[in-house]
1. Could you work out how far apart the two model spin labels at Ser218 and Arg49 are, taking each label as a point 7 Å from the Cα in the direction of the beta carbon, and quote it in nm?
2. Once both axes come from the Cα atoms, what is the angle between helix 68-82 and the longest principal axis of the chain, in degrees from 0 to 90, rounded to 10?
3. Rounded to the nearest whole Å², what accessible area per residue is found for the chain with the 1.4 Å probe?
4. Using 7 Å Cα-to-Cβ label points, what is the Ala170/Ser63 separation (nm, one decimal)?
5. Work through the residues other than Arg79 whose Cβ is under 9 Å from its Cβ and net out their charges, Lys, Arg +1 and Asp, Glu -1.
6. Give me the net charge for the shell around Arg55: Cβ to Cβ below 10 angstrom, other residues only, Lys and Arg +1, Asp and Glu -1.
7. How large a share of the accessible area of segment 1-111, in percent, is made up of carbon and sulfur atoms when the probe is 1.4 Å and the other protein chains stay in place?
8. Rank these by accessible area, largest first, 1.4 Å probe: Ile57, Ile87.
Amino acid sequence: MEAARGGARFIAFEGPDGAGKSSVAERLATRLSAEGHSVLLTREPGGTRLGELVRGILLDPASVARAPETDAFLFNAARSQLVREVIRPAMARGEVVVCDRFADSTLAYQGYGSGVDLAMLRDLESRATGGLRPDLVILLDAPVAVGLARRGRGDPTSLTRFEDETRHDAAFHERVRRGYLELAGADPGRWRVIDANRPRDDVAEDVAEAVLRFLVASEPSNHLERIHG
């Protein structure tokens, strides 16, 4: 993982459908800005003109059926453009990048959920991103039934292909959730697991506290204090 320079940090939100990633990511960006950080908020797939076009192909419930490997290539094509056009330039400017989903989504959905080989997905990710990985991953975790019920109560036109139960049933989403928890357990230094089965205000506050602690701890002066202290 590349070391961030100055105030630059890369924070990604992950989690199963209905966990509240988008709204909490927006609230975090607002909070960090209020704390004096220069923040860029983006999303996957998307964030660039090409990425938004690919997003439509990937998430449209009416899109044609395709192999999960094809999805993985499409996600990584959009990801490659996002890294080069948005994330790396923002970090070079010293900004904190907050991204609603990143490469671990492909591991969880196409890997754990659909059975694509994880080693292949990791190699594809590395090629697409040039080795860039988030400094911190916030996993909003909620039971599958809770997340899908939340999505079901929302705007039906906003549902994605992955939330269509005729294409991706509850068992698929259970595998995705287990995959996320396995990824987090294997790299606890980089992941923070937040219980998202609570009121949104409580979740957003816990996320903000976790991220602010991380930012303070990762400041160069604090690294020197730990080395020489």
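1. For Ser218 paired with Arg49, the spin-label model returns 3.1 nm.
2. 40 degrees
3. 47 Å²
4. With each label point 7 Å from Cα toward Cβ, the separation is 2.7 nm.
5. Cβ neighbours under 9 Å give a net charge of -2.
6. In short, -2.
7. Carbon with sulfur: 55 percent of the solvent-accessible area.
8. Heavy-atom accessible area, descending, gives Ile57, Ile87.
The values are calculated or read from the model by the stated rules, or taken from the named source; none is laboratory data. Given the structure is predicted, the values throughout are model-derived calculations rather than measurements. Heads up, the Cβs are rebuilt from the backbone with ideal geometry, glycines too, and the neighbour counts pull from every protein chain shown. Just the protein is used for accessible areas: all its heavy atoms, side chains included, with ligands, DNA and RNA removed. Shrake-Rupley method; radii C 1.70, N 1.55, O 1.52, S 1.80 Å.
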